[in-house]
Structures are given as C-alpha cells and as structure tokens.
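Step one of this worksheet: look at the structure below.
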Amino acid sequence: MTTASKITLVRVAMIPAYLVTMYLSGGVAGLWMYISLGIFIVASLTDFIDGHIARKYHQVSDFGKFLDPIADKMLVMAALVLFVAWGQMPAWALLVILVREFGVSALRLIAVEGGTVIAAGWSGKVKTAVTMICLCGMLAFNGAFFKELLGARFVDCFNWFSVIAISVTTLYSGVEYFVKNKSALSK
C-alpha cells in the first residue's frame, strides 16, 4: 500500500472522531464545535496531501483512485447530514449532492466493469475544494460569537453563499463526469 493511500485511510479514520465531536457540540459553537472544525480541517488537508504525494512520487494507483473519492464523500456527507439536521442547510442541497455522488459512483462502477478506472477530474477537485472550504467556514462561523461579531445577517448570507457554491460546483462536476465519460455507458 502506498503512502498516499495510507494518508487517505487516515482521513477515513478521522470521520468517526469528527462525527462524535460534532454530535457532542449539539450544533452550538463552543469547544466541541471547534475541535470538530480542527478535525475537519486536518482531514480536508489530507485530501490535498495524499494527492500531492501520489503525483509527486508516482504513487497513483487504482486503489487510490477508488478510495480517495470515497473518503471525500464520507467526510463531506458526515458534515452535510448534520448541517441539514440542525437546520443550517436545506435538504434540497443535500439531495443535489447525493444524486451527483451516487450518479458518479455508478458511472465509476460501470466503467470499472469495462476495465476503466475513472480518476477524479479537475471539476471534481474544484468541487471538493469549494465544498470543504465552505463547510469549514460554516463550522467556523457557527454560533453566537460570530453572529454578534459579524452580524447574524452576514453569517446567514455566508451560509447561503456556501450552499449555492457547493450546489453549483456539484452540479457542474456531475454533468462534466457524464459528458466526458459517456463512452463508459455505451459499453
């Protein structure tokens, strides 16, 4: 197993810790929320680190191409589900993201059966980066302190901007995956 894949597995292992600390926070800013934010930031950074190591040291593998997007999905879905449960994100945004993720995953499975592994495309990487940055912001600005410091209207606008940015990049990358890999469907 490559170093890059081991780092990806570390990201997967961080997800339960993130979920526990988020659950303990109860959706309210405080120590547990900021511990969750720290875990989420470190987990998000491992996504960039494992990709950099894989490319720089020629450790790109089919296992890594398969595991990395799954680790990203698991981390992001953990955050999104809690945001929807706490009323910080509309359920329709989560539905858009889920449909895209299941669709791209199905496309990848079909491609694998045809002997092709579909690696993450550029728009998928942008989508992941935008999603992780927006989720970090939503975690950071959560709570009375930032609502008082920046104004509740700013925090609400930031959350809506984040939801729109996540949804748009998700839709765009999903369409691009299907357009670029439509040959996998015809096989």
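Quick look at the numbers
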| quantity | calculated |
| --- | --- |
| Volume per residue of the C-alpha convex hull in the range 116-156, rounded to whole Å³ | 68 Å³ |
| For Val179, solvent-accessible area (1.4 Å; no DNA, RNA or ligand), Å² | 90 Å² |
| Translational D in µm²/s for the range 130-187 (Stokes-Einstein at 25 °C, 0.890 mPa s, Kirkwood Rh from C-alpha pairs) | 186 µm²/s |
| Accessible area of the chain divided out per residue, in Å², using a probe of 1.4 angstrom | 53 Å² |
| Extension gain (nm, one decimal) between Ala17 and Met74, 0.36 nm per residue minus Cα-Cα | 19.3 nm |
| FRET efficiency for Phe48 and Leu109, using Cβ-Cβ distance with R0 set to 35 Å, rounded to 0.05 | 0.85 |
| Percent carbon-and-sulfur accessible area, the chain, ignoring ligands, DNA and RNA, probe 1.4 Å | 74 percent |
| Cα pair distances of the range 93-132 binned at 10 Å [whole percent] | 27, 51, 20, 2 |
| Accessible-area value, Val81, 1.4 Å probe, nucleic acids and ligands omitted, Å² | 80 Å² |
| √(5λ) per eigenvalue of the Cα gyration tensor, the range 44-87, largest first, Å | 28, 11, 4 |
| Set Lys65/Lys127; Lys127/Lys182; Lys73/Lys147; Lys56/Lys182; Lys65/Lys180 screened for pairs whose C-alpha atoms are more than 23 Å apart | Lys73/Lys147; Lys56/Lys182 |
| Cα pair distances in the chain, grouped into 5 Å bins until the bin that holds the longest one, percent each | 1, 8, 16, 19, 19, 16, 10, 6, 3, 1, 0, 0 |
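The values are calculated or read from the model by the stated rules, or taken from the named source; none is laboratory data. The structure presented is a predicted model; accordingly, all values stated were derived computationally and were not measured. Quick reminder, even Gly has a Cβ in these numbers, built from the backbone with ideal geometry, and neighbours come from all protein chains shown. When the accessible area is computed, the model is the full protein with side chains, heavy atoms only, and any ligands, DNA or RNA have been set aside. Shrake-Rupley method; radii C 1.70, N 1.55, O 1.52, S 1.80 Å.
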